[in-house]
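Below: the structure, in C-alpha cells.
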Amino acid sequence: MANRMVLADQVFTGISRQHLGCLASELAGPWQAAVEGRRHQTRGGARKRAAGGGARHQLVFVDRLVATLIHLRHDLPHSLLALLFGVDRSTVTRAIAEVRGLLAERGCAVPDRPGLRLRTLADVFAYAQTEGVELRLDATEVQVRRPLAGRGGRRSFVSGKKKQNTMKATVVADRQGRTLWTDALRPGRMHDTTAARNEGIGVCFQHFPDVEVLLDDGYLGLRRDHPGQAITPPRKPNKIALPHVHAAREEARHRHSSKRITVEHALADHKRWKQLTRWTHRRDALPDTYRAIAGLVSDRTANT
C-alpha cells in the first residue's frame, strides 16, 4: 500500500498520501459491499464459505483507487495502466468503472465542515442560507465525440456557442472559487438557463428566499423570474442616456464580474484534469467522471 501511495505522489500530481489514505478508508466499505452484493445476486443466496475464502483479487482496492485517479488525471490508456499494475486490461477497465462511480457519489466537500458533503442543488442552497454564503453559478462545455449518423438526438449535442459536439455541466462555487456542486451533464445544445431549471433551481429559489446567486448574461430568464436572488450584470442603457449613466453601468458590471470570476476559477481547476479537456470515451460515462473530478477538486480547495 505504501508503494502505491508513493506512486500516486509521483505520477498523480495533486493527491497527497494523506488524502489517498482518507479516500481509501472512505470508499473501501462501499466498494466491498457492492462486490458482495453482486456475488450474492450471482449465487442466488448467502455465501457457503467463510469470509476471506476463495480466490483473491488480482488488484486490491488501493491499487484500483490509484489506477482510477491516474486515469482521471492523465487519461492514460487502460492497457498502459494494466501493464503498470501487472494485470489484464479488462481488470483495469472494470476497476475504473467501479471506483469512478463511488467517487461520483461522494458529492463536494464543505469548507470548514469535515465529513459534510453536498450532493444535490437543494443541499447547496440550504448550506448557503444557513451560512450566509453568496453563490456563483456558471456552465462549461466539454467536447465529446460526434454521434453516429442516423442516430436519434444527434443534433442535440451540437453547441451553438462552441460549434462542436459538447456536453454541458452546471457548476456552483462560493466567493473563494471552491466547488460546491455540479449537475448531471446535459447535451451541449441545451441553453444554460434550461439546464439549470431542469436541475430544480426554481424550486430552490422558492424554498430558500435569502440565497443570492451571481450569474452571467446567459441567465437573464432566471433574473426575470427570481428578481433579487438571481443577480446578473446590469443591462445596457439606451444610447441617448447621459454619459454618467453609461459610466455607472460599466462600473457596476466590473464589480459584478470581479465577484463572479471565482466560479471561472473553479471551472479552470476542473479543466486541469486531462479527461475534461476533451472527452474521447463513451458519453454516458462523462457525467460520473465530471462529478468524480469535481469532488476531488473540492477536497483540495475546501482546506484552503
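The values are calculated or read from the model by the stated rules, or taken from the named source; none is laboratory data. Worth saying up front: this structure is predicted, and the values here are computed from it rather than measured. Cβ sites come from the backbone with ideal geometry, for glycine too, and all protein chains shown count toward neighbours. SASA here: full protein model, heavy atoms, side chains in, ligands and nucleic acids out. Shrake-Rupley method; radii C 1.70, N 1.55, O 1.52, S 1.80 Å.
Restricting segment 234-267 to residues that are closer than 23 Å to ASP174 by Cβ and of a type in the set (Lys, Arg), the residue that is surrounded by the fewest Cβ atoms within 10 Å (Cβ to Cβ) is ARG255. Looking for something basic (Lys, Arg), without any contact (Cβ under 8 Å) to a residue 24 or more places away in the chain and open to solvent by less than 70 Å² (accessible area, probe 1.4 Å) - is there at least one such residue anywhere in segment 217-233? There is no residue in segment 217-233 that is basic (Lys, Arg), without any contact (Cβ under 8 Å) to a residue 24 or more places away in the chain and open to solvent by less than 70 Å² (accessible area, probe 1.4 Å). Out of ARG154, ARG189, which single residue is more than 16 Å from the chain's Cα centre (by Cα) and free of Cβ contacts under 8 Å to residues at least 12 places away in the same chain? Answer to the selection: ARG154. So how many residues does segment 183-203 have that are within 20 Å of CYS108 (Cβ to Cβ), open to solvent by less than 10 Å² (accessible area, probe 1.4 Å) and not acidic (Asp, Glu)? Number of matching residues: 3.
Within the span defined as segment 114-132, every residue fails to be surrounded by 20 or more Cβ atoms within 10 Å (Cβ to Cβ) and over 26 Å from ILE261 (Cα atoms). Consider segment 1-40 and keep the residues that are at pLDDT below 80 and small (Gly, Ala, Ser). The one that is surrounded by the fewest Cβ atoms within 10 Å (Cβ to Cβ) is ALA2.
Restricting the first member to segment 101-117 and to residues that are within 13 Å of ARG300 (Cα to Cα), and the second to residues that are of a type in the set (Lys, Arg) and modelled with pLDDT under 90, the beta-carbon pairs closer than 9 Å and six or more apart or on different chains are ALA109/ARG300.
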